[in-house]
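Before any comments, here is the structure.
The values are calculated or read from the model by the stated rules, or taken from the named source; none is laboratory data. Just so it is clear, the structure is predicted and the values come from calculations on it, not from any experiment. Virtual Cβ from ideal backbone geometry, glycine too; neighbours counted across all protein chains shown.
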Amino acid sequence: MRFATAEASAPAVALGGATAQVTGTSDVQLEDGTDIVVTGYRESIAKAQQIKKAATGSQDVILAQDISAFPDQNLAEALQRIPGVAITRDSGEGRQISLRGLGADFTRTQLNGMEVLTNTSSGLDSRSSVSRSRSFDYSIFASELFNKVVVEKSYAAEQDEGGIGGTVGLYTAKPFDYDGLTVVASAKGQTNQYTKDITPRLVGLISDRWGDFGFLASVAYSTAETVEFGYRNWNWSQINFGARNVGPGVSAADRALLVGATGANRVWNSRAQTYATFFNKRERLGLTTALQYHPDDRTDVSLDVLYGKLNNDRTSGVIGAAGTNGIAANNV
């Protein structure tokens, strides 16, 4: 499947501390109006290293700059870049994560320090029924809503129980993470060869501080359309055809083999064969607000509100051939 993506964002890309050294001569000529944009991420790496160094256990950290640097649809896809993290996908998009080889049910997820659970439905569940497992569905939230993700792979006495595989901490942005008034907007569009339509991905954030108080609000909205094609068969066994299921054009020798064969001479047939096409339309909306009181380095009081909603409409068309029961029966 071929994808095309268009992107426009504001503010402009900040130039980070990066140096380049050129030796020798070059014949490369740049046309007038050609822009070269260098994006530095050394500061982001340094901050992540400082957090890992100060931690008492095994810990990996992703900061906001790292999250936005990749075209990840949600948090699960951002987390898969951490060593020891594996994800499961639904309709081509990351949904659940597993740590250190254990299943998603053994990974505990915290949101701003509070444990969270989700009940969702998708093609991964039996007939799209609601999931009642302990695993967290990361496809609900857009990755742009968070400024830090911490993955703890070891244990400590101060941690709550429940995460045998590990603990994932999700942290939304706070007003005092920014210097004064900050406004950010981003717009992207995506399409593919099967749906043709351009689906939007919009993100906005505004934050400001007044003395010891600050307020922040952010929103992320996106839609995505995908098409899946699939075929499956299962439970192969040896059978005899029902006499009425063998057409008149079949020779007498083949008819005898299909209907009256015994033992290893019987034909192999799967219990069912299906061809399916799934049309998925996913709509995601996320909102965050934060009211923060931060008079000094030892005092930090905040009120955080996070809202997430995910709608996934799936239309499927299935064609099934006659299975074992239909072929073996002597139908009229």
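What the table below lists for this structure:
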| item | result |
| --- | --- |
| Residues of the stretch 165-197 that turn out to be without any contact (Cβ under 8 Å) to a residue 40 or more places away in the chain, assigned to a strand (DSSP E or B) and not β-branched (V, I, T), as a count | 0 |
| G204 surrounded by fewer than 18 Cβ atoms within 10 Å (Cβ to Cβ), assigned to a strand (DSSP E or B) and modelled with pLDDT under 90 | no |
| Test: residue in the stretch 240-262 that is in the same structural domain as V301 (by TED's automatic domain parsing), among the aromatic types (F, W, Y), assigned to a strand (DSSP E or B) and more than 23 Å from S139 (Cα to Cα) | no |
